[in-house]
1. Would you mind telling me which numbered condition in (1) open to solvent by less than 30 Å² (accessible area, probe 1.4 Å); (2) at pLDDT below 80; (3) part of a helix (DSSP H, G or I) Val320 fails?
2. Exactly one of these conditions fails for Leu192: (1) modelled with pLDDT of 90 or more; (2) surrounded by 18 or more Cβ atoms within 10 Å (Cβ to Cβ). Give me its number.
3. Looking at the range 159-174, which of its residues are open to solvent by 20 Å² or more (accessible area, probe 1.4 Å), in a helix (DSSP H, G or I) and at pLDDT 75 or above?
4. If I ask for residues that are open to solvent by less than 20 Å² (accessible area, probe 1.4 Å) and either touching a Pro at 6+ places or on another chain (Cβ under 6 Å) or among the aliphatic types (A, V, I, L, M) (or both), which ones from the range 53-70 would you list?
5. State yes or no: is Gly234 within 25 Å of Tyr105 (Cα to Cα), open to solvent by less than 10 Å² (accessible area, probe 1.4 Å) and modelled with pLDDT of 85 or more?
6. Here is a check on your reading of the model: is Phe277 of a type in the set (Phe, Trp, Tyr) and either assigned to a strand (DSSP E or B) or modelled with pLDDT of 80 or more (or both)?
7. Here is a list of conditions, (1) assigned to a helix (DSSP H, G or I); (2) within 19 Å of the chain's Cα centre (by Cα), and Ala31 meets all of them except one; can you say which number that is?
8. Of the numbered conditions (1) open to solvent by 50 Å² or more (accessible area, probe 1.4 Å); (2) in contact with a Lys or Arg (Cβ under 6 Å, 6 or more places away or on another chain); (3) not β-branched (Val, Ile, Thr), Pro426 fails exactly one; give the number of that condition.
Amino acid sequence: MESTKQKNYAIPILMMILLFGMISFVTNLAAPMGVVLKNQFGVSNFLGMLGNFANFAAYAVMGIPSGKLLEKIGYKKTALLAIAVGFAGVGVQVLSGVAANFAVYLIGAFIAGFSMCMLNTVVNPMLNTLGGGGNKGNQLIQIGGSFNSLMGTLVPILVGALVGEVAKANITDIYPVMFMAMGIFALVGIVLNFVSIPEPHITKTDTAIKDSKYSAWSFRHFTLGAIAIGVYVGVEIGIPGTLMLFLSDPSTGVAGGAASAGVVAGTYWFLMLVGRFVGASIGGKVSSKTMLTLASGVGMLLVAAAIFSPVTTTMSMPVVQTDPSISIGMTEVPINAIFLVLCGLCTSIMWGGIFNLAVEGLGKYVASASGIFMMLVCGGGIFPLIQNAVADNAGYLTSYWVPFLSLAYLLYYALIGSKNVNKDIPVD
(Lines give C-alpha, C1' and ligand atoms only; values in the text may rest on other atoms or scores of the structure.)
Protein backbone atom coordinates (compact mmCIF):
# COMPACT_ATOMS: atom_id res chain seq x y z
CA MET A 1 0.00 0.00 0.00
CA GLU A 2 1.27 3.45 -0.88
CA SER A 3 1.96 5.76 2.03
CA THR A 4 0.14 9.05 2.44
CA LYS A 5 3.38 10.82 1.54
CA GLN A 6 3.53 9.09 -1.87
CA LYS A 7 -0.01 9.85 -2.96
CA ASN A 8 -1.62 13.14 -3.86
CA TYR A 9 -4.48 13.79 -1.47
CA ALA A 10 -5.08 17.42 -2.48
CA ILE A 11 -8.82 16.94 -3.08
CA PRO A 12 -9.65 15.06 0.16
CA ILE A 13 -7.45 17.52 2.08
CA LEU A 14 -9.50 20.39 0.65
CA MET A 15 -12.71 18.58 1.55
CA MET A 16 -11.54 18.01 5.14
CA ILE A 17 -10.58 21.67 5.49
CA LEU A 18 -14.05 22.62 4.24
CA LEU A 19 -15.57 20.29 6.83
CA PHE A 20 -13.34 21.84 9.50
CA GLY A 21 -14.88 25.18 8.59
CA MET A 22 -18.40 23.74 8.53
CA ILE A 23 -18.04 22.61 12.15
CA SER A 24 -17.62 26.25 13.13
CA PHE A 25 -20.11 27.56 10.55
CA VAL A 26 -23.04 25.41 11.69
CA THR A 27 -22.15 25.53 15.40
CA ASN A 28 -21.79 29.31 15.46
CA LEU A 29 -25.03 29.78 13.55
CA ALA A 30 -26.99 28.70 16.64
CA ALA A 31 -26.10 31.61 18.96
CA PRO A 32 -26.84 34.56 16.59
CA MET A 33 -30.04 32.76 15.58
CA GLY A 34 -31.14 33.57 19.13
CA VAL A 35 -31.79 37.12 17.93
CA VAL A 36 -34.08 35.81 15.20
CA LEU A 37 -35.91 33.33 17.42
CA LYS A 38 -36.36 35.90 20.17
CA ASN A 39 -38.01 38.40 17.85
CA GLN A 40 -39.95 36.08 15.53
CA PHE A 41 -41.55 34.06 18.32
CA GLY A 42 -41.48 36.69 21.07
CA VAL A 43 -39.51 34.41 23.39
CA SER A 44 -37.10 35.30 26.19
CA ASN A 45 -33.32 35.39 25.91
CA PHE A 46 -33.28 32.02 27.68
CA LEU A 47 -35.57 30.40 25.09
CA GLY A 48 -33.78 32.19 22.26
CA MET A 49 -30.59 30.40 23.29
CA LEU A 50 -32.31 26.98 23.34
CA GLY A 51 -31.19 26.36 19.74
CA ASN A 52 -27.60 26.72 20.86
CA PHE A 53 -28.32 24.40 23.79
CA ALA A 54 -29.88 21.79 21.49
CA ASN A 55 -26.83 21.92 19.23
CA PHE A 56 -24.41 21.28 22.09
CA ALA A 57 -26.66 18.84 23.94
CA ALA A 58 -26.04 16.44 21.05
CA TYR A 59 -22.40 16.22 22.15
CA ALA A 60 -23.45 14.80 25.52
CA VAL A 61 -25.35 12.06 23.71
CA MET A 62 -22.94 11.41 20.81
CA GLY A 63 -19.51 12.21 22.25
CA ILE A 64 -18.42 8.69 23.16
CA PRO A 65 -20.60 6.77 20.61
CA SER A 66 -19.04 8.75 17.75
CA GLY A 67 -15.63 7.37 18.67
CA LYS A 68 -17.01 3.83 18.74
CA LEU A 69 -18.68 4.44 15.37
CA LEU A 70 -15.32 5.50 13.98
CA GLU A 71 -13.80 2.21 15.14
CA LYS A 72 -16.59 0.18 13.57
CA ILE A 73 -17.06 1.74 10.11
CA GLY A 74 -13.89 3.81 9.59
CA TYR A 75 -13.15 7.44 8.77
CA LYS A 76 -14.64 7.79 5.30
CA LYS A 77 -18.00 6.22 6.14
CA THR A 78 -18.21 8.16 9.42
CA ALA A 79 -17.49 11.41 7.57
CA LEU A 80 -20.12 10.63 4.91
CA LEU A 81 -22.68 9.75 7.59
CA ALA A 82 -21.87 12.95 9.49
CA ILE A 83 -22.30 14.98 6.29
CA ALA A 84 -25.69 13.38 5.62
CA VAL A 85 -26.81 14.07 9.19
CA GLY A 86 -25.56 17.67 8.95
CA PHE A 87 -27.41 18.21 5.66
CA ALA A 88 -30.58 16.85 7.26
CA GLY A 89 -30.13 18.98 10.38
CA VAL A 90 -29.79 22.22 8.45
CA GLY A 91 -32.63 21.08 6.17
CA VAL A 92 -34.96 20.70 9.16
CA GLN A 93 -33.99 24.22 10.25
CA VAL A 94 -34.99 25.43 6.78
CA LEU A 95 -38.35 23.64 7.17
CA SER A 96 -38.82 25.41 10.51
CA GLY A 97 -38.86 28.66 8.56
CA VAL A 98 -41.57 27.35 6.25
CA ALA A 99 -43.61 26.10 9.18
CA ALA A 100 -42.71 29.12 11.36
CA ASN A 101 -42.35 26.60 14.17
CA PHE A 102 -39.94 27.07 17.07
CA ALA A 103 -39.95 23.39 18.08
CA VAL A 104 -39.02 22.25 14.56
CA TYR A 105 -36.03 24.60 14.61
CA LEU A 106 -34.84 23.11 17.90
CA ILE A 107 -35.08 19.59 16.44
CA GLY A 108 -32.99 20.73 13.46
CA ALA A 109 -30.37 22.26 15.75
CA PHE A 110 -30.17 19.02 17.75
CA ILE A 111 -29.72 16.92 14.60
CA ALA A 112 -27.03 19.31 13.36
CA GLY A 113 -25.25 18.92 16.70
CA PHE A 114 -24.96 15.15 16.13
CA SER A 115 -23.21 15.89 12.84
CA MET A 116 -20.80 18.40 14.36
CA CYS A 117 -19.81 15.94 17.07
CA MET A 118 -19.16 13.18 14.53
CA LEU A 119 -17.16 15.50 12.27
CA ASN A 120 -15.01 16.57 15.22
CA THR A 121 -13.96 12.95 15.75
CA VAL A 122 -12.95 12.62 12.09
CA VAL A 123 -11.42 15.83 10.82
CA ASN A 124 -8.38 16.34 13.09
CA PRO A 125 -6.89 12.83 12.81
CA MET A 126 -7.84 12.65 9.11
CA LEU A 127 -5.96 15.85 8.25
CA ASN A 128 -2.97 14.60 10.22
CA THR A 129 -3.03 11.32 8.26
CA LEU A 130 -3.51 12.98 4.87
CA GLY A 131 -0.49 15.14 5.64
CA GLY A 132 1.58 12.06 6.42
CA GLY A 133 1.79 12.88 10.12
CA GLY A 134 4.61 14.89 11.70
CA ASN A 135 5.05 18.57 10.90
CA LYS A 136 3.08 18.37 7.64
CA GLY A 137 0.13 16.76 9.39
CA ASN A 138 0.22 19.40 12.14
CA GLN A 139 0.45 22.13 9.52
CA LEU A 140 -2.74 20.89 7.84
CA ILE A 141 -4.52 20.84 11.19
CA GLN A 142 -3.43 24.45 11.82
CA ILE A 143 -4.70 25.45 8.36
CA GLY A 144 -8.00 23.71 9.09
CA GLY A 145 -8.20 25.43 12.48
CA SER A 146 -7.61 28.82 10.87
CA PHE A 147 -10.40 28.21 8.35
CA ASN A 148 -12.58 27.09 11.27
CA SER A 149 -11.99 30.43 13.01
CA LEU A 150 -12.59 32.36 9.78
CA MET A 151 -15.99 30.73 9.32
CA GLY A 152 -16.81 31.46 12.96
CA THR A 153 -16.02 35.12 12.26
CA LEU A 154 -18.25 35.30 9.19
CA VAL A 155 -21.41 33.64 10.58
CA PRO A 156 -22.63 36.38 12.98
CA ILE A 157 -21.72 39.02 10.38
CA LEU A 158 -23.77 37.25 7.69
CA VAL A 159 -26.70 36.67 10.04
CA GLY A 160 -26.65 40.29 11.16
CA ALA A 161 -26.50 41.58 7.58
CA LEU A 162 -29.38 39.33 6.49
CA VAL A 163 -31.61 40.17 9.47
CA GLY A 164 -31.21 43.93 9.17
CA GLU A 165 -34.14 45.27 11.19
CA VAL A 166 -34.45 43.16 14.34
CA ALA A 167 -38.15 43.79 14.81
CA LYS A 168 -38.85 42.02 11.49
CA ALA A 169 -36.38 39.14 12.01
CA ASN A 170 -37.54 35.82 10.57
CA ILE A 171 -35.92 32.41 10.08
CA THR A 172 -36.53 32.78 6.34
CA ASP A 173 -34.15 35.78 6.35
CA ILE A 174 -31.32 33.36 7.16
CA TYR A 175 -32.08 30.98 4.29
CA PRO A 176 -29.05 32.09 2.21
CA VAL A 177 -26.71 31.03 5.05
CA MET A 178 -28.54 27.72 5.52
CA PHE A 179 -28.57 26.96 1.79
CA MET A 180 -24.84 27.75 1.68
CA ALA A 181 -24.23 25.22 4.46
CA MET A 182 -26.34 22.56 2.74
CA GLY A 183 -24.56 23.21 -0.57
CA ILE A 184 -21.12 22.72 1.00
CA PHE A 185 -22.26 19.54 2.75
CA ALA A 186 -23.60 18.19 -0.56
CA LEU A 187 -20.43 19.09 -2.48
CA VAL A 188 -18.08 17.55 0.09
CA GLY A 189 -20.25 14.44 0.40
CA ILE A 190 -20.30 13.83 -3.36
CA VAL A 191 -16.55 14.38 -3.74
CA LEU A 192 -15.60 12.23 -0.72
CA ASN A 193 -17.81 9.43 -1.98
CA PHE A 194 -15.73 9.14 -5.16
CA VAL A 195 -12.20 9.73 -3.83
CA SER A 196 -9.96 7.31 -1.99
CA ILE A 197 -8.68 8.29 1.44
CA PRO A 198 -6.49 6.33 3.86
CA GLU A 199 -8.01 4.68 6.90
CA PRO A 200 -5.78 5.30 9.95
CA HIS A 201 -5.42 2.33 12.22
CA ILE A 202 -7.89 2.59 15.09
CA THR A 203 -6.58 1.10 18.32
CA LYS A 204 -9.19 -1.19 19.82
CA THR A 205 -9.92 -0.90 23.51
CA ASP A 206 -7.19 -2.79 25.31
CA THR A 207 -8.31 -5.68 27.49
CA ALA A 208 -5.96 -4.46 30.21
CA ILE A 209 -7.89 -1.20 30.37
CA LYS A 210 -11.22 -3.02 30.53
CA ASP A 211 -9.99 -5.18 33.38
CA SER A 212 -8.33 -2.32 35.26
CA LYS A 213 -9.97 -0.97 38.40
CA TYR A 214 -8.90 2.50 37.21
CA SER A 215 -10.11 4.78 34.41
CA ALA A 216 -9.48 8.29 33.18
CA TRP A 217 -11.91 9.47 35.87
CA SER A 218 -9.53 8.09 38.52
CA PHE A 219 -7.20 11.03 37.89
CA ARG A 220 -8.25 14.15 39.78
CA HIS A 221 -6.53 16.52 37.34
CA PHE A 222 -8.35 14.88 34.43
CA THR A 223 -11.76 15.03 36.11
CA LEU A 224 -11.28 18.71 36.90
CA GLY A 225 -9.94 19.24 33.38
CA ALA A 226 -12.97 17.57 31.79
CA ILE A 227 -15.18 19.96 33.75
CA ALA A 228 -12.90 22.80 32.62
CA ILE A 229 -13.48 21.93 28.96
CA GLY A 230 -17.25 22.21 29.41
CA VAL A 231 -16.82 25.48 31.31
CA TYR A 232 -14.45 26.84 28.66
CA VAL A 233 -16.76 26.12 25.72
CA GLY A 234 -19.56 27.79 27.68
CA VAL A 235 -17.41 30.91 28.03
CA GLU A 236 -16.37 30.85 24.37
CA ILE A 237 -19.97 30.68 23.14
CA GLY A 238 -21.69 32.67 25.90
CA ILE A 239 -19.62 35.85 25.59
CA PRO A 240 -20.32 36.63 21.89
CA GLY A 241 -23.78 35.01 21.87
CA THR A 242 -25.16 37.18 24.65
CA LEU A 243 -23.23 40.17 23.30
CA MET A 244 -25.18 39.98 20.05
CA LEU A 245 -28.47 39.88 21.95
CA PHE A 246 -27.31 42.83 24.07
CA LEU A 247 -26.30 44.96 21.09
CA SER A 248 -29.44 44.04 19.12
CA ASP A 249 -31.75 45.12 21.94
CA PRO A 250 -33.30 48.50 20.98
CA SER A 251 -32.88 49.79 24.54
CA THR A 252 -29.16 49.05 24.80
CA GLY A 253 -27.88 48.26 21.31
CA VAL A 254 -25.99 50.10 18.62
CA ALA A 255 -27.46 52.20 15.86
CA GLY A 256 -27.11 49.55 13.16
CA GLY A 257 -29.20 46.92 14.92
CA ALA A 258 -28.52 43.26 14.24
CA ALA A 259 -26.20 43.99 11.31
CA SER A 260 -23.85 46.08 13.43
CA ALA A 261 -24.19 43.71 16.37
CA GLY A 262 -23.22 40.82 14.09
CA VAL A 263 -19.99 42.52 13.05
CA VAL A 264 -19.10 43.40 16.64
CA ALA A 265 -19.71 39.80 17.72
CA GLY A 266 -17.86 38.56 14.63
CA THR A 267 -14.84 40.59 15.68
CA TYR A 268 -14.63 38.38 18.78
CA TRP A 269 -14.18 35.32 16.55
CA PHE A 270 -11.67 37.19 14.41
CA LEU A 271 -9.59 37.91 17.51
CA MET A 272 -9.80 34.21 18.35
CA LEU A 273 -8.22 33.57 14.94
CA VAL A 274 -5.47 36.07 15.74
CA GLY A 275 -4.97 34.54 19.17
CA ARG A 276 -4.58 31.05 17.70
CA PHE A 277 -1.82 32.25 15.40
CA VAL A 278 -0.06 33.86 18.35
CA GLY A 279 -0.59 30.80 20.53
CA ALA A 280 0.83 28.51 17.86
CA SER A 281 3.92 30.70 17.51
CA ILE A 282 4.74 30.75 21.24
CA GLY A 283 3.40 27.31 22.18
CA GLY A 284 6.84 25.72 21.95
CA LYS A 285 8.32 28.20 24.43
CA VAL A 286 5.49 28.90 26.90
CA SER A 287 3.90 26.15 29.00
CA SER A 288 0.20 25.32 28.81
CA LYS A 289 -0.12 26.16 32.51
CA THR A 290 1.34 29.64 32.01
CA MET A 291 -0.77 30.34 28.92
CA LEU A 292 -4.01 29.18 30.60
CA THR A 293 -3.21 31.15 33.77
CA LEU A 294 -2.58 34.35 31.83
CA ALA A 295 -5.57 33.92 29.52
CA SER A 296 -7.97 33.18 32.41
CA GLY A 297 -6.71 36.06 34.55
CA VAL A 298 -6.84 38.62 31.75
CA GLY A 299 -10.25 37.30 30.69
CA MET A 300 -11.58 37.86 34.22
CA LEU A 301 -10.31 41.44 34.18
CA LEU A 302 -11.91 42.15 30.79
CA VAL A 303 -15.28 40.67 31.80
CA ALA A 304 -15.23 42.58 35.10
CA ALA A 305 -14.46 45.79 33.19
CA ALA A 306 -17.44 45.10 30.92
CA ILE A 307 -19.76 44.49 33.87
CA PHE A 308 -18.82 47.65 35.76
CA SER A 309 -18.29 50.10 32.87
CA PRO A 310 -21.18 52.48 32.13
CA VAL A 311 -23.10 51.69 28.93
CA THR A 312 -23.12 55.40 28.15
CA THR A 313 -19.36 55.35 27.52
CA THR A 314 -18.84 54.54 23.85
CA MET A 315 -16.06 53.99 21.32
CA SER A 316 -16.00 54.04 17.52
CA MET A 317 -15.78 50.71 15.75
CA PRO A 318 -16.15 49.65 12.09
CA VAL A 319 -19.47 47.85 11.51
CA VAL A 320 -21.85 46.88 8.70
CA GLN A 321 -24.52 49.50 8.06
CA THR A 322 -27.82 48.60 6.34
CA ASP A 323 -29.42 52.02 6.00
CA PRO A 324 -29.87 53.06 3.23
CA SER A 325 -27.77 50.18 1.80
CA ILE A 326 -25.28 47.61 3.07
CA SER A 327 -21.88 49.24 3.59
CA ILE A 328 -19.00 49.46 6.05
CA GLY A 329 -18.90 52.47 8.33
CA MET A 330 -17.97 53.64 11.80
CA THR A 331 -20.45 53.62 14.63
CA GLU A 332 -20.38 54.11 18.37
CA VAL A 333 -20.62 50.97 20.51
CA PRO A 334 -20.71 50.72 24.30
CA ILE A 335 -17.23 50.28 25.74
CA ASN A 336 -18.58 47.15 27.45
CA ALA A 337 -18.72 45.50 24.01
CA ILE A 338 -15.06 46.35 23.33
CA PHE A 339 -13.95 44.65 26.55
CA LEU A 340 -16.00 41.54 25.72
CA VAL A 341 -14.73 41.35 22.15
CA LEU A 342 -11.14 41.42 23.44
CA CYS A 343 -11.92 38.25 25.40
CA GLY A 344 -11.58 36.43 22.08
CA LEU A 345 -7.81 36.76 22.41
CA CYS A 346 -8.01 34.94 25.75
CA THR A 347 -10.37 32.11 24.81
CA SER A 348 -8.43 31.36 21.62
CA ILE A 349 -5.69 29.34 23.34
CA MET A 350 -7.70 27.70 26.13
CA TRP A 351 -8.82 24.46 24.47
CA GLY A 352 -5.31 23.22 23.74
CA GLY A 353 -4.01 24.32 27.13
CA ILE A 354 -6.77 22.56 29.07
CA PHE A 355 -6.49 19.39 26.99
CA ASN A 356 -2.71 19.18 27.40
CA LEU A 357 -2.87 19.68 31.16
CA ALA A 358 -5.76 17.25 31.63
CA VAL A 359 -4.24 14.28 29.74
CA GLU A 360 -0.72 14.73 31.13
CA GLY A 361 0.38 11.43 32.66
CA LEU A 362 -2.70 9.45 31.61
CA GLY A 363 -0.80 7.01 29.39
CA LYS A 364 -3.10 4.24 28.15
CA TYR A 365 -6.18 6.15 29.35
CA VAL A 366 -5.72 9.06 26.88
CA ALA A 367 -7.99 7.54 24.21
CA SER A 368 -10.98 7.17 26.55
CA ALA A 369 -10.23 10.62 27.97
CA SER A 370 -10.59 12.13 24.48
CA GLY A 371 -14.09 10.69 24.14
CA ILE A 372 -15.08 12.11 27.52
CA PHE A 373 -13.76 15.52 26.47
CA MET A 374 -15.93 15.46 23.36
CA MET A 375 -18.97 14.55 25.48
CA LEU A 376 -18.41 17.50 27.83
CA VAL A 377 -18.37 20.00 24.96
CA CYS A 378 -22.09 20.13 25.82
CA GLY A 379 -21.08 22.84 28.30
CA GLY A 380 -21.26 25.17 25.29
CA GLY A 381 -25.03 24.78 25.47
CA ILE A 382 -25.51 24.67 29.23
CA PHE A 383 -23.61 27.74 30.41
CA PRO A 384 -24.94 30.20 27.76
CA LEU A 385 -28.43 28.99 28.68
CA ILE A 386 -27.76 29.79 32.34
CA GLN A 387 -26.26 33.13 31.38
CA ASN A 388 -29.32 34.16 29.40
CA ALA A 389 -31.65 33.06 32.18
CA VAL A 390 -29.74 35.57 34.33
CA ALA A 391 -29.99 38.14 31.51
CA ASP A 392 -33.78 37.79 31.46
CA ASN A 393 -34.04 38.40 35.20
CA ALA A 394 -31.16 40.75 36.00
CA GLY A 395 -29.94 42.33 32.74
CA TYR A 396 -27.36 41.56 30.08
CA LEU A 397 -24.28 42.90 31.84
CA THR A 398 -25.16 41.21 35.13
CA SER A 399 -25.37 37.92 33.23
CA TYR A 400 -21.64 38.16 32.52
CA TRP A 401 -20.98 37.08 36.09
CA VAL A 402 -21.56 33.58 34.71
CA PRO A 403 -18.51 33.70 32.36
CA PHE A 404 -16.57 35.61 35.05
CA LEU A 405 -17.05 32.78 37.56
CA SER A 406 -16.31 30.26 34.80
CA LEU A 407 -13.01 32.00 34.07
CA ALA A 408 -12.26 31.97 37.79
CA TYR A 409 -12.65 28.18 37.74
CA LEU A 410 -10.28 27.95 34.75
CA LEU A 411 -7.74 30.05 36.65
CA TYR A 412 -8.06 27.69 39.63
CA TYR A 413 -7.57 24.73 37.32
CA ALA A 414 -4.45 26.23 35.75
CA LEU A 415 -2.85 27.05 39.11
CA ILE A 416 -3.98 24.15 41.32
CA GLY A 417 -6.40 21.66 39.76
CA SER A 418 -4.11 20.65 36.88
CA LYS A 419 -1.51 19.05 39.17
CA ASN A 420 -1.38 15.26 38.81
CA VAL A 421 -1.84 13.93 42.33
CA ASN A 422 -2.48 10.34 41.18
CA LYS A 423 0.96 9.33 39.96
CA ASP A 424 0.65 6.04 41.81
CA ILE A 425 -1.88 4.76 39.23
CA PRO A 426 -0.17 2.51 36.62
CA VAL A 427 -0.60 3.89 33.09
CA ASP A 428 1.59 1.58 30.98
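The values are calculated or read from the model by the stated rules, or taken from the named source; none is laboratory data. This is a predicted model, so every value here is computed, not measured. With ideal geometry, Cβ positions are generated from the backbone for all residues, glycine too; neighbour counts draw on all protein chains shown. Note: accessible area is taken over every heavy atom of the protein model, side chains too, but ligands, DNA and RNA are not part of it. Shrake-Rupley method; radii C 1.70, N 1.55, O 1.52, S 1.80 Å.
1. It is condition (3) that Val320 fails.
2. The failed condition is (1).
3. Listed by number, the residues that qualify are Thr172, Asp173.
4. Ala54, Ala58, Leu70
5. Criteria met by Gly234.
6. It is false that Phe277 is of a type in the set (Phe, Trp, Tyr) and either assigned to a strand (DSSP E or B) or modelled with pLDDT of 80 or more (or both).
7. (1)
8. Status for Pro426: all satisfied but (2).
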